[in-house]
Amino acid sequence: MADTPTKSNRAQAGAADAETMAQILEGELRPLIHDGLSLVETQEDLMAIPLTGADRTGHLPQLLAEVIARLRLPSSVKVSTSLAAGQHGDLRRKQGYSVAMLVEESRILQICLFTTLHKNATRLDYELLLDVATIADEMDAQLKLQTLCDIDASAVRTQPRSLLIN
């Protein structure tokens, strides 16, 4: 686990070797997914649905790829809705998940995302802290789509959404 950043290494984070949040998340994808599964396995309500580890995490590479792609976009770009999130919500509904369970699963993923960034804080480019809001906005937008699984998926997929921060 990385040390908590000090004032001196925060200043160094602006140096040329600092990484973006997208780069860190991309490089830490496997541990992030593993940590997420470990947290899900502590939740009795989620574990009441009998799924394999692969079934619980199979959607994460695509959802996280969308988060990473969004982090790389300029803040002025309108982002289309997440096809993967809609498919995931529909799958979870068929598996017996409630809306509350989808919210819990999303909450756990956000915790893992932010914990991963915290563990790698000394590598971060601190000028990009607004990306935290982008991550939260993307995760909430994906969660919204997951919970709208009863709506015609084609109508949901075609509507662009605005970014939280312009």
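Can you say whether D150 is outside any helix (DSSP H, G or I), closer than 28 Å to R93 by Cα and either modelled with pLDDT under 75 or out of contact with any helix residue (DSSP H, G or I) (no Cβ under 7 Å at 6 or more places or on another chain) (or both), as far as the supplied structure shows? When the stated conditions are applied, D150 passes them.
With V67, V103 as the choices, which residue is in contact (Cβ under 8 Å) with a residue 24 or more places away in the chain and within 12 Å of L25 (Cα to Cα)? Can you show your working first?
Details: V103 fails: within 12 Å of L25 (Cα to Cα).
Answer to the check: V67.
Among the residues of region 70-78, is there at least one that is touching a Pro at 6+ places or on another chain (Cβ under 7 Å) and in contact (Cβ under 8 Å) with a residue 60 or more places away in the chain? Step through it out loud before you land on a result.
Pass one, region 70-78, residues touching a Pro at 6+ places or on another chain (Cβ under 7 Å): 78.
Now restrict to residues that are in contact (Cβ under 8 Å) with a residue 60 or more places away in the chain: 78.
Looking through region 70-78, at least one residue is touching a Pro at 6+ places or on another chain (Cβ under 7 Å) and in contact (Cβ under 8 Å) with a residue 60 or more places away in the chain.
Considering (1) of a type in the set (F, W, Y); (2) under 23 Å from D17 (Cβ atoms); (3) surrounded by 19 or more Cβ atoms within 10 Å (Cβ to Cβ), the lone condition that Y97 does not fulfil carries the number (2).
On the basis of being buried (at least 19 other Cβ atoms within 10 Å of the Cβ), at pLDDT 90 or above and in contact with a helix residue (DSSP H, G or I) (Cβ under 8 Å, 6 or more places away or on another chain), does L64 make the cut?
On the way: buried (at least 19 other Cβ atoms within 10 Å of the Cβ): yes; at pLDDT 90 or above: yes; in contact with a helix residue (DSSP H, G or I) (Cβ under 8 Å, 6 or more places away or on another chain): yes.
Yes: the conditions hold for L64.
Take region 60-76 and flag every residue that is part of a helix (DSSP H, G or I) and either touching a strand residue (DSSP E or B) at 6+ places or on another chain (Cβ under 6 Å) or among the charged types (D, E, K, R) (or both).
Of all residues in region 60-76, those part of a helix (DSSP H, G or I) come to 60-71.
Within region 60-76, E66, R70 meet the criteria.
A15 satisfies every condition listed in (1) of a type in the set (G, A, S); (2) in contact with a Leu (Cβ under 6 Å, 6 or more places away or on another chain); (3) modelled with pLDDT under 85 except (2).
The values are calculated or read from the model by the stated rules, or taken from the named source; none is laboratory data. Remember, predicted model here, so these are calculated numbers, not experimental data. Positions of Cβ are generated from backbone atoms using ideal geometry, with glycine treated the same way; all protein chains shown enter the neighbour counts.
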